[in-house]
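A short write-up of the structure that comes next.
The values are calculated or read from the model by the stated rules, or taken from the named source; none is laboratory data. Remember, it's a predicted structure, so these values are computed and weren't measured experimentally. Please note: Cβ atoms are built from the backbone with ideal geometry, for glycine as well, and neighbour counts cover all protein chains shown.
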Amino acid sequence: MAFGDYIREVRERWRRDDRTFSLRQVAGRIGIEPAYLSKIERGQTPPPSERTIRRLAKELDEDADVLLAMAGKVSKDLQEIVMKRPKLFADLLRQLREAPDHAVLRVAREIRDGDW
């Protein structure tokens, strides 16, 4: 699903139960023009900046990293991590590309819980 379609779907889902999730009101709360949010939702403009995506994620109770990925972006903090050891992270990601989710989670837990 395209980024804009997903944003519109989530916003409209919230709007069914809460009228404060109109396009105009959401745009106002995240600090953009309603016309701009409308163009994003309709795919008439590329996805917005990381900052705006993070605001949208918070407003719509979505995971910012997932929305950034849907927008074809990587957060600044992840870019900084990768740039410190680009070859190592490129190799790691390529190895994990075909791994099942449970294996990736196991690797993440091992790193998180490991005694270094």
**Residue, farthest from the chain's Cα centre (by Cα), within the stretch 7-37, restricted to residues that are loosely packed, with under 13 Cβ neighbours inside 10 Å and assigned to a loop (DSSP other than H, G, I, E, B)** = Asp18
**Asked** Any chance the stretch 38-50 includes a residue that's in contact (Cβ under 8 Å) with a residue 60 or more places away in the chain, surrounded by 15 or more Cβ atoms within 10 Å (Cβ to Cβ) and closer than 23 Å to Asp18 by Cβ?
**Response** no
**Prompt:** What number of residues in the stretch 70-98 are basic (Lys, Arg) and either surrounded by 10 or more Cβ atoms within 10 Å (Cβ to Cβ) or under 30 Å from Ile40 (Cα atoms) (or both)?
**Reply:** 4
**Fill in**
The condition of being closer than 15 Å to Ile7 by Cβ and basic (Lys, Arg) holds, among Arg55, Arg109, only for Arg55
**Request:** Answer yes if at least one residue in the stretch 108-116 is surrounded by 11 or more Cβ atoms within 10 Å (Cβ to Cβ) and touching a helix residue (DSSP H, G or I) at 6+ places or on another chain (Cβ under 8 Å), and no otherwise.
**Result:** no
**Message:** Checking the structure you have, find out if any residue of the stretch 90-108 is closer than 25 Å to Arg11 by Cα and assigned to a helix (DSSP H, G or I).
**Reply:** no
**Request:** Go through the residues of the stretch 66-81 one by one and say whether even a single one is in the same structural domain as Gly43 (by TED's automatic domain parsing) and in contact with a Ser or Thr (Cβ under 6 Å, 6 or more places away or on another chain).
**Result:** yes
